[in-house]
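Peer 1: Sharing a structure with you now.
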Ligand code: SF4
């Protein structure tokens with residue numbers, strides 16, 4: 001065990017409660033980047049203005065433009081949490097119908113039980129290959145016109161693998177898990193929606209990809225292919241769920257990725273960050 005002053009911060013009981021309520025795919029990608037940074041972030045509760053960079057805002061805008069290419073936004077008033085969740089599920093069914101009729105759909109809400117934890121996420125794009133198998137595509141927008149580092153590619157790969165796991169379980173077990181999910185979310189059951197989702201979902205292809213786009217002119221910088229790897233995703237889930245459930249203190253970044261610490265808001269507080277940020281670049 002490290003000395004307490006060398007340990008950074010751990011998740012408190014309230015933060016671990018997120019685990020019980022369920023996690024998003026972006027929670028996993030954040031902890032893949034640096035678990036210690038996630039713990040600092042949750043403790044500090046910094047406002048969006050501090051944590052959202054210019055590049056993040058530009059990325060959101062570009063994602064909205066991509067979504068507008070395939071969907072028409074309709075405003076629907078919701079009066080309850082049931083309304084909100086029913087709308088999400090209806091949007092998923094509509095997206096899957098669009099996938100079947102047009103071969104491509106974007107912004108697909110998915111959910112599922114992975115290693116006992118409810119996980120949800122929104123898949124950027126799903127397209128069908130020549131044999132009607134579903135290919136998951138993640139769009140990553142880049143401030144600079146270059147492909148990212150290995151660490152960033154690894155995080156994007158995990159994101160795609162988790163989406164594949166969710167999409168796979170949506171197809172196989174929406175009927176079986178939907179009542180438990182509704183109970184967990186304290187919602188009134190709406191089983192026909194689950195049956196519809198299960199009936200609409202096609203099977204997954206073996207290869208998926210991350211598409212890197214330049215924020216400058218929207219051009220494609222390159223693609224990184226991600227092959228389905230059930231073992232890798234189960235291992236990553238195990239590692240991150242130990243952290244998110246509070247059963248293991250956060251891991252800090254390895255020395256080979258010390259550049260993350262140089263751009264980290266918490267470097268001054270973090271024992272690893274202090275050491276690594278002082279190293280000459
Ligand atoms: S300084 Fe480095 S190890 Fe510490 S939280 Fe930031 S990125 Fe993680």
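Coordinate-derived values only; no laboratory data. Bear in mind the structure is a predicted one, so any value in this text is a computation, not a measurement. Cβ coordinates were reconstructed from backbone atoms using ideal geometry, including for glycine residues, and neighbour counts include every protein chain displayed.
Peer 1: Please give, to one decimal in nm, the separation of the simple spin-label points placed at residue 100 and residue 80, each 7 Å out from Cα toward the Cβ.
Peer 2: Rounded to a tenth, the inter-label distance reads 2.9 nm.
Peer 1: Which of 126, 93 comes first, and how do the rest follow, when ranked by fewest Cβ neighbours within 10 Å?
Peer 2: 93, 126
Peer 1: Nearest 0.05, what FRET efficiency do residue 238 and residue 259 give at R0 = 25 Å with Cβ-Cβ as r?
Peer 2: My answer for the efficiency is 0.40.
Peer 1: For a footprinting-style exposure proxy, rank 166, 114, 90 by other Cβ within 10 Å, fewest first.
Peer 2: Ordered by Cβ neighbours within 10 Å, fewest first: 90, 114, 166.
Peer 1: Mind giving me the nanometre distance, one decimal, between the label points for residue 26 and residue 61, set 7 Å out from Cα along Cα→Cβ?
Peer 2: 1.8 nm
Peer 1: Using only alpha carbons, build the gyration tensor for the stretch 50-107 and give me the equivalent ellipsoid semi-axes, biggest first, whole Å.
Peer 2: They are 24, 19, 9 Å, listed largest first.
Peer 1: A further question on this structure: Order these by the 10 Å Cβ neighbour count, fewest first: 203, 135.
Peer 2: 203, 135
Peer 1: Efficiency by 1/(1 + (r/R0)^6): what FRET value for residue 150 and residue 206, r their Cβ-Cβ distance, R0 = 35 Å, to the nearest 0.05?
Peer 2: With R0 = 35 Å, the Cβ-Cβ based efficiency is 0.95.
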